[in-house]
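The structure appears right after this line, and notes come after that.
The values are calculated or read from the model by the stated rules, or taken from the named source; none is laboratory data. All values reported here derive from a predicted model rather than from experimental measurement. FYI the Cβ positions are ideal-geometry reconstructions off the backbone, even for glycines, and counts take in every protein chain you see.
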Amino acid sequence: MTVVSFADVAVDFGDTTLLRNVGFTVAAGERWGVVGRNGAGKTTLFRLITGDLAPTRGTVVRPAALRIALLDQLRHFGQAVTVWDAAAAGYREAMVLERDLAQQADRMAELGDRVDQTDLERYGRDQERFAHLGGYEFHSRVDAVLQGLGFNPAEAKTRPIETLSGGERGRVGLAAPLAAPADLLLLDEPTNHLDLDTIRWLTEYLGTLGETVIVISHDRAFLDDTVDHVLHVANATATPYRGGYSAFVTQRVERELSQQRAYDKQRTVIAKEEEYIRRHIAGQNSAQAKGRRTRLNRLPRLSPPAGEAGAMSLRLQIGERGGDQVVVAEHMGVRVADRALLTEVSVAARRGDIVALIGPNGVGKTTLLATLLGERAPAEGSARLGASITPAWYRQDLAGVPVDESIFDVIHELRPQWNRGQVQGHLGAFGFSGDEVQRSTTTLSGGEQARVALAMITLARANLLVLDEPTNHLDVESIEVLEDAIEEYEGTVLLVSHDRAFLRELATRVWSLEDGTLIDYQGPFVEWEQVQDERRRADSARAAATAEQQREANRKAKRPARTESRRKADGRDAARKRGALEADVAALENRIADLETQLTAPSLYDGSGKGAADAAALGRELAETQARLDAAMSTWSELADES
Amino acid sequence: MATNGKRFRAAAEKVERNRTYSVDEAVDLVKATAFAKFDETVDASVRLGVDPRHADQVVRGTVVLPHGTGKKVRVLVLAQGDKVKEAEAAGADFFGVEYIQKIKDGWLDFDVLVATPDLMGQLGALGRVLGPRGLMPNPKAGTVTMDVTRAVQEIKAGKIEFRVDKTGNVHAPIGRVSFSPEHLQENLQAFLDTIMKAKPSAAKGTYLRSATISSTMGPGIRLDTAAYR
């Protein structure tokens, strides 16, 4: 079944064409990833799908009853008061109906026998609608999603929205569309502000979900684990690719290469033809040359593969080399108000390290950075920067970018000696060209602000870079440029990120914040991931073993009852056998007595052959009977011992 | 991939896949194609031209099969006062208000739950347990009523509840292979008639798209539904 289909769609804003010739079809159950530069039109595609925006040309077809759940980049909670209400936003109608049904039920309880048919019919109708809205299932679904996103469902029912931190608000915003009843799930940057464990849960959850999913993301590892189709938005159009993110990268390169080859080939042919025309147009072969010229004029020209406009070019340089010990903490403690975030942190970063600082949201990563850089005093112990270390901090909230100033002024203030051309040239490397440099920083999108922050940081020529979630607002191409720049950087980098592909590419060392302390893993992020996977597997194996032991204990606990009944049954059996044996013994003893009596008869010893033969037969039977008696006696005593 | 056993394949050979059968032919065939060692249930499945995602196109109802389903149905009646005695007299398997607590503790050994309207307030909290299992009493299904005697007797006599699933199909048992062909035919007829009467006004196009009967282990036999179009 087709969930949504675009046919030759174009979107114009005034004179600007944002998208054109967009055509793709999403079938039920498929998972699509949408990738492309900031401002390329990805969110516009979502607005076209939801029907918020009508295409200027072309058609967008979707079934009339299609239920869409949307996670946009801005998290709204409407009138929800508690965390649980906000997560259950998709079930608002069911929640209202649930309350109404409870009131109707109370009224029926009051009326007792006097309940009339109208009341019952209304109750039945509402109950039907309640079931249809998923009323009986939504509590467990919302609880499961909240649990997965790291909230306690019971606590969430009473916790007000206002008490949430920034990261937590992001997660609650994600809970609502994930739990909502929908046929199509549209997620715009779902992994922003999520920690590694939550991203892993989200990947698994989307895998188990039956709904169709379209996700805009710049997280390459997440896309690779989640999607089976990629829609690449670039150069004012969108191109669909089959396969995950890695397959998309390969296919795109191949497509561009074949486009380039076809273009080069055509250019060679055209040049050859033009040469022929030039040489023969006025000679003997003039007619042929004219014919070729006509054909050449009619030939549709191929265009070269379009390069990406506004691509960033980044180079990170150091001013001076700096000491070998870059950051040193000894028995350091970090505390916020009365809460101890970290204790006994003893760690040192060496020159050239690229340290990944990871841990769940709210564990204190930013506070730790502020303490290490000397912006906060440690609660205990000490923290210091090494000799000749100049740090530069890229903040998660982009607080370093001045408010309400033109981009040009921002750079000019940092380099007052630069002339206009130099400032323009520097900003051009970050994708800001022409009049764009006069835009105010308050009008910039998240991605553009991030690029300004990076443009500022490159001027610092620092030998310690502290990058707090640098990939949050950047598109994939910019992330790759940043990756290359960090790789070539000669200084030290402290990196806070939840982008696994980014960390796998760069981190040479991992500082993991766990259980109120810092664990220093002296190896690349890839190895740390393997260790974590092994640990997780060991934990689940241990949990499975414990569960199995528990089950075995339960079985054992039940077993005595069965053993008791079996013992009784065995006892009854043995008694029955003993009874039978006793009867046999009595019979055998009687027979022995009888045989002995017969053997004393004088007729057997009258000297005749018959008497001797009879005596011998009786003797044999006596011996056999005696043997049987002995065997029976022995079995009887065994049975008696067992019971 | 799962494959069919040789006995199923032998039974399936008796059925022409592309043919539709009249009710009497189909009933004879379902009896002939049942091969299990137990008394198989005969099920009817009907594909309807409705979109169950729309609340006004949900097909749901009950039908008292003239010859019952051949299955013993365990009925729990939640009632208090005189209604408990009525339930007992009518033949309910379990009755009394104390079963609310038992259900809360995880007990669910019943097939149909009948409740008097005055207890629905206490049952609301059990919706999450009973609802997904289709056990929540509902006035439309006749399981929320003051007339406990009639409800229990009808259920015991072979009243079945049906409801369109999310793909637009309705399934219901209409008897056992051991039933006489006449009894099975009459039960099937009663079921199809009720399905036709339950047609929602919002349904568009062909309502009864196809109907099939089968025994528990046997192959499906398509019915000729021309008479219902």
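For region A:6-40, how many residues meet the condition of being under 27 Å from the mean Cα position of the chain (by Cα), at pLDDT 85 or above and closer than 16 Å to A:T239 by Cβ? Let's see the steps before the verdict.
The initial filter retains those residues of region A:6-40 that are under 27 Å from the mean Cα position of the chain (by Cα), namely A:24-40.
Subsequent filtering for residues that are at pLDDT 85 or above retains A:24-36.
Adding the requirement that they be closer than 16 Å to A:T239 by Cβ leaves A:24-26, A:32-36.
Of the residues in region A:6-40, 8 are under 27 Å from the mean Cα position of the chain (by Cα), at pLDDT 85 or above and closer than 16 Å to A:T239 by Cβ.
Looking at (1) part of a loop (DSSP other than H, G, I, E, B); (2) of a type outside the set (D, E, K, R); (3) loosely packed, with under 15 Cβ neighbours inside 10 Å, which one does A:S346 not meet, given that it meets all the others?
Tallying (1) part of a loop (DSSP other than H, G, I, E, B); (2) of a type outside the set (D, E, K, R); (3) loosely packed, with under 15 Cβ neighbours inside 10 Å, A:S346 fails exactly one: (1).
Quick one: which residue in A:T59, A:T25, A:T44 is without any contact (Cβ under 8 Å) to a residue 40 or more places away in the chain, assigned to a strand (DSSP E or B), of a type in the set (S, T, Y) and away from chain B (no Cβ under 14 Å)?
Residue meeting the stated conditions: A:T25.
Tell me, which residue of region A:130-142 that is touching a Pro at 6+ places or on another chain (Cβ under 7 Å) and without any contact (Cβ under 8 Å) to a residue 12 or more places away in the chain is nearest to the other protein chains (Cβ to nearest Cβ)?
A:Y136
For a quick check of your reading: which strands (runs of 3 or more DSSP E) sit entirely within region A:430-543 and have at least 3 residues that are at pLDDT 90 or above and within 25 Å of A:T191 (Cα to Cα)?
Working: elements: A:464-468, A:492-496, A:509-514, A:517-521.
It comes to A:464-468, A:492-496, A:509-514.
Somewhere in region A:172-180, is a residue touching a residue at least 12 places away in the same chain (Cβ under 8 Å) and either out of contact with any strand residue (DSSP E or B) (no Cβ under 9 Å at 6 or more places or on another chain) or within 12 Å of chain B (Cβ to nearest Cβ) (or both)?
Of region A:172-180, the ones touching a residue at least 12 places away in the same chain (Cβ under 8 Å) are A:172-180.
If we keep only those that are either out of contact with any strand residue (DSSP E or B) (no Cβ under 9 Å at 6 or more places or on another chain) or within 12 Å of chain B (Cβ to nearest Cβ) (or both) as well, we get A:172, A:175.
Looking for residues that are touching a residue at least 12 places away in the same chain (Cβ under 8 Å) and either out of contact with any strand residue (DSSP E or B) (no Cβ under 9 Å at 6 or more places or on another chain) or within 12 Å of chain B (Cβ to nearest Cβ) (or both), one finds at least one in region A:172-180, hence yes.
Which one of these does A:L482 not meet: (1) farther than 18 Å from A:Q396 by Cβ; (2) in contact with a helix residue (DSSP H, G or I) (Cβ under 9 Å, 6 or more places away or on another chain)?
(1)
Mind counting the residues in region B:90-102 that are without any contact (Cβ under 8 Å) to a residue 40 or more places away in the chain, away from every other protein chain (no Cβ under 14 Å) and assigned to a helix (DSSP H, G or I)? Step through it out loud before you land on a result.
We begin by selecting, within region B:90-102, every residue without any contact (Cβ under 8 Å) to a residue 40 or more places away in the chain; these are B:93-102.
Subset that is away from every other protein chain (no Cβ under 14 Å): B:93-96, B:98-99, B:101-102.
Applying the additional criterion that residues be assigned to a helix (DSSP H, G or I) yields B:99, B:101-102.
Counting residues in region B:90-102 that are without any contact (Cβ under 8 Å) to a residue 40 or more places away in the chain, away from every other protein chain (no Cβ under 14 Å) and assigned to a helix (DSSP H, G or I) gives 3.
Specify which of the listed residues (A:D225, A:D197) is at pLDDT below 90, outside any loop (DSSP other than H, G, I, E, B) and of a type in the set (D, E, K, R). It would help to see each step written out before you state the result.
Working: A:D225 fails: at pLDDT below 90.
So the residue among A:D225, A:D197 that is at pLDDT below 90, outside any loop (DSSP other than H, G, I, E, B) and of a type in the set (D, E, K, R) is A:D197.
Quick check on my filter: what residues within region B:2-58 are touching a residue at least 60 places away in the same chain (Cβ under 8 Å) and within 14 Å of chain A (Cβ to nearest Cβ)?
B:V50, B:D51, B:P52, B:R53, B:H54, B:D56, B:Q57, B:V58
Is it the case that region A:112-129 has a residue that's in contact with a Leu (Cβ under 6 Å, 6 or more places away or on another chain), within 13 Å of chain B (Cβ to nearest Cβ) and under 17 Å from A:G90 (Cα atoms)?
No - not one qualifying residue is present in region A:112-129.
So which residues in region B:79-120 are more than 23 Å from the chain's Cα centre (by Cα) and of a type in the set (F, W, Y)?
B:Y99
Could you tell me which residue of region B:10-44 is farthest from the chain's Cα centre (by Cα), considering only residues that are among the small types (G, A, S) and not in a strand (DSSP E or B)?
Filtering region B:10-44 for residues that are among the small types (G, A, S) and not in a strand (DSSP E or B), the one farthest from the chain's Cα centre (by Cα) comes out as B:A10.
Would you mind finding the one in B:T149, B:T143 that is in contact (Cβ under 8 Å) with a residue 12 or more places away in the chain and more than 15 Å from B:G61 (Cα to Cα)?
Working: B:T143 fails: more than 15 Å from B:G61 (Cα to Cα).
Going through B:T149, B:T143 in turn, just one is in contact (Cβ under 8 Å) with a residue 12 or more places away in the chain and more than 15 Å from B:G61 (Cα to Cα): B:T149.
Residues are listed down the side, and each one gets a yes or a no for (1) under 15 Å from A:A131 (Cβ atoms); (2) within 10 Å of chain A (Cβ to nearest Cβ); (3) not in a loop (DSSP other than H, G, I, E, B):
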site	(1), (2), (3)
B:V114	no, no, yes
B:M120	yes, yes, yes
B:A125	no, yes, yes
B:V129	yes, yes, yes
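Taking region A:100-111 as the region of interest, how many residues are buried (at least 16 other Cβ atoms within 10 Å of the Cβ) and either over 51 Å from the mean Cα position of the chain (by Cα) or more than 7 Å from chain B (Cβ to nearest Cβ) (or both)?
Of the residues in that region, 1 qualify.
Of all residues in region B:59-80, which are within 14 Å of chain A (Cβ to nearest Cβ) and either at pLDDT below 85 or not in a loop (DSSP other than H, G, I, E, B) (or both)?
From region B:59-80, those within 14 Å of chain A (Cβ to nearest Cβ) are B:59-62, B:78-80; that's our starting set.
Selection gives B:R60, B:G61, B:T62, B:L78.
Quick grid of which residues meet (1) under 27 Å from A:M312 (Cβ atoms); (2) surrounded by 16 or more Cβ atoms within 10 Å (Cβ to Cβ); (3) in contact with a strand residue (DSSP E or B) (Cβ under 9 Å, 6 or more places away or on another chain); (4) among the aromatic types (F, W, Y):
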position: A:M1; (1), (2), (3), (4): no, no, yes, no
position: A:V4; (1), (2), (3), (4): no, yes, yes, no
position: A:A10; (1), (2), (3), (4): no, yes, yes, no
position: A:F13; (1), (2), (3), (4): yes, no, no, yes
position: A:T16; (1), (2), (3), (4): yes, no, no, no
position: A:A27; (1), (2), (3), (4): no, no, yes, no
position: A:R57; (1), (2), (3), (4): no, no, yes, no
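Please determine whether any residue of region A:283-290 is out of contact with any His (no Cβ under 7 Å at 6 or more places or on another chain), on the phi > 0 side of the Ramachandran plot and surrounded by 11 or more Cβ atoms within 10 Å (Cβ to Cβ). Break it down into steps so the answer makes sense when it comes.
Step one: of region A:283-290, the residues out of contact with any His (no Cβ under 7 Å at 6 or more places or on another chain) are A:283-285, A:287, A:290.
With on the phi > 0 side of the Ramachandran plot added as a condition, the list becomes none.
No, region A:283-290 has no match at all.
State yes or no: is A:D12 of a type outside the set (K, R), farther than 26 Å from A:L174 by Cβ and assigned to a helix (DSSP H, G or I)? Quick ask: steps written out before the conclusion?
Values: of a type outside the set (K, R): yes; farther than 26 Å from A:L174 by Cβ: yes; assigned to a helix (DSSP H, G or I): no.
So A:D12 fails the test.
Given the criterion within 9 Å of chain A (Cβ to nearest Cβ), of a type in the set (V, I, T) and either buried (at least 17 other Cβ atoms within 10 Å of the Cβ) or over 14 Å from the mean Cα position of the chain (by Cα) (or both), identify the matching residue among B:T145, B:T149. Steps first, please.
Working: B:T149 fails: within 9 Å of chain A (Cβ to nearest Cβ).
Within the list B:T145, B:T149, the selection yields B:T145.
From the list A:I68, A:I49, exactly one residue is surrounded by 16 or more Cβ atoms within 10 Å (Cβ to Cβ), in contact with a strand residue (DSSP E or B) (Cβ under 6 Å, 6 or more places away or on another chain), within 14 Å of chain B (Cβ to nearest Cβ) and not polar (S, T, N, Q). Which is it?
Matching residue, one of A:I68, A:I49: A:I68.
Is it the case that B:A211 is surrounded by 21 or more Cβ atoms within 10 Å (Cβ to Cβ), more than 23 Å from A:R122 (Cβ to Cβ) and touching a Leu at 6+ places or on another chain (Cβ under 8 Å)?
Spelling it out, B:A211 is indeed surrounded by 21 or more Cβ atoms within 10 Å (Cβ to Cβ), more than 23 Å from A:R122 (Cβ to Cβ) and touching a Leu at 6+ places or on another chain (Cβ under 8 Å).
Any idea which of A:V96, A:V81, A:V145 is in contact (Cβ under 8 Å) with a residue 12 or more places away in the chain, away from chain B (no Cβ under 13 Å) and surrounded by fewer than 20 Cβ atoms within 10 Å (Cβ to Cβ)?
Values: A:V96 fails: in contact (Cβ under 8 Å) with a residue 12 or more places away in the chain; A:V145 fails: surrounded by fewer than 20 Cβ atoms within 10 Å (Cβ to Cβ).
Checking each option against the conditions leaves just A:V81.
In the list A:S303, A:S313, A:S246, which residue meets the criterion of being in a helix (DSSP H, G or I), within 30 Å of A:V35 (Cβ to Cβ) and polar (S, T, N, Q)? Let's see the steps before the verdict.
Values: A:S303 fails: in a helix (DSSP H, G or I); A:S313 fails: in a helix (DSSP H, G or I).
The conditions single out A:S246.
Residue-wise test of (1) modelled with pLDDT of 90 or more; (2) facing another protein chain (nearest Cβ under 10 Å); (3) crowded, with 18+ Cβ neighbours inside 10 Å.
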position	(1), (2), (3)
B:G106	no, no, no
B:A157	no, no, no
B:I160	no, no, yes
B:I174	yes, no, yes
